[in-house]
Amino acid sequence: MKLSSIVVFVGVLALPSIAQAHPPNNDASVVHACIGNVSKIVRIVGVTGLCITAPPLIAETPAHWAIQGSPGAPGTNGTNGTNGTNGIDGTSVMFVGSFSGRQGGCANGGVIYAAGNSAVNAYVCNGIDGKDGASTRADGPCFDNVNRYVDCGNGTVTDTVTGLIWLKQWDCLANNTGAAANQAAAGLKDGDCSGLTDNSSAGDWRLPTSDEWNATMARAAALGCVFGNLGGPSVTDDAGTACYGDGSASSFVGLPYSAGFWLSLSHEASPSSARFGRLNSGGVGSVAKSDYLIRVWPVRGGPR
């Protein structure tokens, strides 16, 4: 009985004593903790947390730390920026008027402004009108019930015998050597020549072949329409029944009586030479491609 009493008494002495953690500090804006005096273990407790005061081996000391430090010193104000450079005054212009056709380097009309102190005219060109989506191919041949040659009204003339479409303005393209003549014909397009409004594009036109030239001139030669006889050239009138230039109607204006026109084919025995058509007799000859400047009269189409 006495031994039991002693054990119970010792156990009571070992129980820790608890005390208020931070009286009177109950500030909610700080971190409240208890630090073991021997173990140095830190326990974070709430505002009303309690620290152990005894026995000595586990006793703790209350501690607290501010959650936020004191404000730092204000920063230094920035300096004002440097003023920008003043802009330069623009040049005033005055609208003079508008125009259509060719003027001031413009091919499709535009407007004129007088610019600067000396009022020099400046031109702003219009762009070239695009083609409607449905008009992506060149116009076809045209026909009537009377004539061989029919003026299509778009800068082209249809030969209803050969099916060829001829450029009405036969002198539109400059005289050239053989290769350059072929390239110039291939580059011809709508708008390049007076009245040419056939929706053609580069690549539609070409030089006629020797056979096409012969077929075109054959009827005129049969009628005697040759230079030195009936005056030439070897082309018929529109009706195809009389010589060009005898007073009958013709869609071709101002054809020379004697001239040579490049044809598309090289000479088979000498590729450095090419065929050309003689307008005074309707015949075909050949000359060196690089030695002569000969007329260029393009065609397109033909038999299908």
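The values are calculated or read from the model by the stated rules, or taken from the named source; none is laboratory data. Since this is a predicted model, take the numbers as computed values, not measurements. Virtual Cβ from ideal backbone geometry, glycine too; neighbours counted across all protein chains shown. For the accessible areas, the whole protein counts, side chains as well, though only heavy atoms, and no ligand, DNA or RNA atoms are used. Shrake-Rupley method; radii C 1.70, N 1.55, O 1.52, S 1.80 Å.
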Point to revise | Enumeration of residues in the stretch 51-77 that are open to solvent by 90 Å² or more (accessible area, probe 1.4 Å), in contact (Cβ under 8 Å) with a residue 12 or more places away in the chain and among the β-branched types (Val, Ile, Thr) | key: Ile67
Point to revise | All strands (runs of 3 or more DSSP E) inside the stretch 78-174 with 1 or more residues being open to solvent by less than 70 Å² (accessible area, probe 1.4 Å) and at pLDDT 95 or above | key: 149-151, 156-159, 164-167
Review point. Under the condition of being open to solvent by 100 Å² or more (accessible area, probe 1.4 Å) and farther than 13 Å from Thr61 by Cβ, which residue from the stretch 40-50 is modelled with the highest pLDDT?
Key: Ile44
Study note, to complete from the structure: Counting only residues in the stretch 200-216 that are of a type in the set (D, E, K, R) and open to solvent by 40 Å² or more (accessible area, probe 1.4 Å), the one modelled with the lowest pLDDT is identified as Asp211
Review point. Quick one: Ala73 ticks every box in (1) farther than 30 Å from Asp198 by Cβ; (2) at pLDDT below 75; (3) of a type in the set (Gly, Ala, Ser) bar one, so which box is it?
Key: (2)
Check your understanding: What single numbered condition from (1) open to solvent by 40 Å² or more (accessible area, probe 1.4 Å); (2) β-branched (Val, Ile, Thr); (3) under 20 Å from Gly283 (Cα atoms) fails to hold for Val235?
Key -> (1)
Study note, to complete from the structure: Of the residues in the stretch 275-304 that are under 40 Å from the mean Cα position of the chain (by Cα) and of a type in the set (Lys, Arg), the one that is most open to solvent (accessible area, probe 1.4 Å) is Arg304
Check your understanding: Is there a residue in the stretch 181-199 that is touching a helix residue (DSSP H, G or I) at 6+ places or on another chain (Cβ under 6 Å), outside any loop (DSSP other than H, G, I, E, B) and surrounded by fewer than 20 Cβ atoms within 10 Å (Cβ to Cβ)?
Key -> no
Revision key, fill the gap. Selection from the stretch 1-39 of residues part of a loop (DSSP other than H, G, I, E, B), modelled with pLDDT under 85 and of a type outside the set (Gly, Ala, Ser) yields Met1, Leu15, Pro16, His22, Pro23, Pro24, Asn25, Asn26, Asp27
Review point. Does Ser272 fit the bill of being modelled with pLDDT of 90 or more, small (Gly, Ala, Ser) and surrounded by 13 or more Cβ atoms within 10 Å (Cβ to Cβ)?
Key: no
**Study point:** Those residues of the stretch 162-182 which are touching a residue at least 12 places away in the same chain (Cβ under 8 Å) and among the hydrophobic types (A, V, I, L, M, F, W, C), in sequence order
**Key:** Leu164, Ile165, Trp166, Leu167, Trp170, Cys172, Leu173, Ala174, Ala179, Ala181
